[in-house]
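Peer 1: After the structure tokens below, expect a handful of questions from me.
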Amino acid sequence: MLRLFAILLSLGLAVPAAAGPLEDGFAAYQRGDFATTLRLMRPLAEDGNASAQALLGLIYALGQGVPQDYTVALAWYRKAAERGLASAQSDLASMYDQGLGVKPDPAAALVWYRKAADQGFAGAEYRLGLIYAEGRGVAKDLRAAAVWFSKAADHGNASAQFRLARMYEGGEGVPQDSTAAVMRYRDAAERGEPGAQYKLGAMYQSGKGMPRDDVMAYVWFNLAASAGNLEALEGGEAVARRLTAAQMTEAQRLVRDWKPKTNY
């Protein structure tokens, strides 16, 4: 049950207060029983339940148990978005952003991302950061990008934490601050972001923004390499050559015991 609630929260959907068709529908979705999900959720969605509408949007967007249909997905996302569901507002914005089921419309995407972001939805805050960082449909504004990345980072978005760390490290849109960069790299690394794990390892290796620590450098390089970051392989090998046997034993123990932080 706790795992189900975590999934609902990750989708930005309302957690049912008690057992019923909505909870049963989400449980069916979790176990991959999309026929049951559709049977339970469609009446709720047609009756105006925003969480059910958003889940139908997701099902049609991904083609889960139904032919993939972005137009139908867009329609369900819009219904949920107009009822104020932040996750659906963000998903609707993404459809406009990518031109899925509708012609690309950066202005509409911006409107819906902002509606979701104004409710504190981290995914939308991150997307707004990207829009301002890249100047897509708006004037490029690194300061505004940093503001939105910071909001998303504070709400636990690892991608935003990583982008913000890079901005602090390079002094882009914010004053250069190695200590702040380390903090944000750590936030993202602890949530399993491989690029941040590599950067944190490199900063431990060089002593940039923190005391040098070869054991922790090895730990973060190893975790990043395990997640597919090829640059971390070389860094980890270089650090390993400087470790004593006792330090290597400790580093390997820390790698084995590491678990990613979640927002739940």
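Peer 1: Among all residue pairs at least 6 apart or on different chains, which show Cβ distances below 7 Å where the first residue, located in the range 62-81, is in a helix (DSSP H, G or I) and the second is at pLDDT below 95 and of a type in the set (Ser, Thr, Tyr)?
Peer 2: No pair meets every condition.
One line per residue, one yes/no per condition, for (1) closer than 22 Å to Gly123 by Cβ; (2) surrounded by fewer than 20 Cβ atoms within 10 Å (Cβ to Cβ); (3) at pLDDT 95 or above; (4) of a type in the set (D, E, K, R):
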site	(1), (2), (3), (4)
Arg3	yes, yes, no, yes
Ser10	yes, yes, no, no
Ala17	no, yes, no, no
Pro21	no, yes, no, no
Thr36	no, yes, yes, no
Leu40	no, no, yes, no
Ala50	yes, no, yes, no
Gln53	yes, no, yes, no
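Peer 1: Cβ-Cβ distance below 8 Å, separation of 6 or more or different chains: which pairs start in the range 192-213 with a residue that is among the aliphatic types (A, V, I, L, M) and end on one that is surrounded by fewer than 19 Cβ atoms within 10 Å (Cβ to Cβ) and in a helix (DSSP H, G or I)?
Peer 2: Taking only residues 6 or more apart or on different chains, the pairs are Met203/Ser178; Met210/Thr179.
Peer 1: Out of (1) under 30 Å from Met216 (Cα atoms); (2) under 14 Å from the mean Cα position of the chain (by Cα), the odd one out for Ala180 is which?
Peer 2: (2)
Peer 1: Looking at Ala217, Ala227, Ala245, Ala238 in this structure, which one is over 27 Å from Ala153 (Cβ atoms) and either in contact (Cβ under 8 Å) with a residue 12 or more places away in the chain or of a type in the set (D, E, K, R) (or both)?
Peer 2: On the way: Ala217 fails: over 27 Å from Ala153 (Cβ atoms); Ala227 fails: over 27 Å from Ala153 (Cβ atoms); Ala245 fails: either in contact (Cβ under 8 Å) with a residue 12 or more places away in the chain or of a type in the set (D, E, K, R) (or both).
None of the other options fit; the residue is Ala238.
Peer 1: Further question on the same structure: Residue under question is Ala217, and the condition is that it be within 26 Å of the chain's Cα centre (by Cα) and more than 30 Å from Ala117 (Cβ to Cβ); does it hold?
Peer 2: Details: within 26 Å of the chain's Cα centre (by Cα): yes; more than 30 Å from Ala117 (Cβ to Cβ): yes.
When the stated conditions are applied, Ala217 passes them.
The values are calculated or read from the model by the stated rules, or taken from the named source; none is laboratory data. This one's a predicted model, so the numbers in the text were calculated from it and none came from an experiment. Every residue, glycine as well, gets a Cβ built from its backbone with ideal geometry; the counts of neighbours run over all protein chains shown.
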